[in-house]
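The structure appears right after this line, and notes come after that.
Coordinate-derived values only; no laboratory data. Everything numeric here is computed off the predicted structure, so don't read it as measured data. Neighbour counts run over all protein chains shown; Cβ positions are idealised from the backbone, glycine included.
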Amino acid sequence: MSKSSAAKTPWFDAASDSPLLTEYARKLDSFLDVVADGKVDAKELEAQEQRVVKLMKEVEPLLSPEAHEKVTQLLCEVTAYDLMNTFHMAGKSRPQTKFRG
C-alpha cells in the first residue's frame with residue numbers, strides 16, 4: 001500500500017462515494033496472516049498495535065496543527081465506528097430467543 005508520494009490511494013469509491021479503507025485493510029498481509037486461522041491471539045493484536053503506533057509516530061510530525069486536529073478527529077471517529085461495528089456484529093450473532101420463565 002506504500003505508493004510513491006505523487007500518487008494518492010483513494011479513500012472513497014468514485015461511483016458510490018463509499019469508504020475503501022476496509023477493503024484495503026482486508027488485503028494487508030498482516031491482516032491476512034492473522035485471520036488465516038480464524039482467530040486473533042494476544043500476540044497478533046499486540047503486533048498490530050505496534051504497527052499502528054509506529055505509523056502514528058511517523059505521521060504526527062508531518063501534520064500542521066490544523067491537520068493534526070482533523071486527523072485526530074478522524075482516528076477517533078474510525079475507532080468509534082470499529083467499536084460500534086464490533087458491538088453490532090456481536091449482537092447479530094446472539095440467538096434471538098426470549099426468556100420464558
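Gain on full extension, evaluated as 0.36 nm per residue between Phe87 and Leu21 minus their Cα-Cα distance, stands at 21.8 nm.
For the pair Glu44 and Gln73, a Förster radius of 35 Å applied to the C-beta separation gives a FRET efficiency near 0.80, rounded to the nearest 0.05.
Summing Lys and Arg as +1 and Asp and Glu as -1 over all other residues whose Cβ lies under 12 Å from the Cβ of Thr22 gives a net charge of -1.
The label-point distance for Arg94 and Glu60, in a model that sets each label 7 Å from Cα toward Cβ, rounds to 3.7 nm. Overall dimensions of region 21-92, expressed as equivalent-ellipsoid semi-axes from the Cα gyration tensor (√(5λ), whole Å, largest first), are 25, 17, 10.
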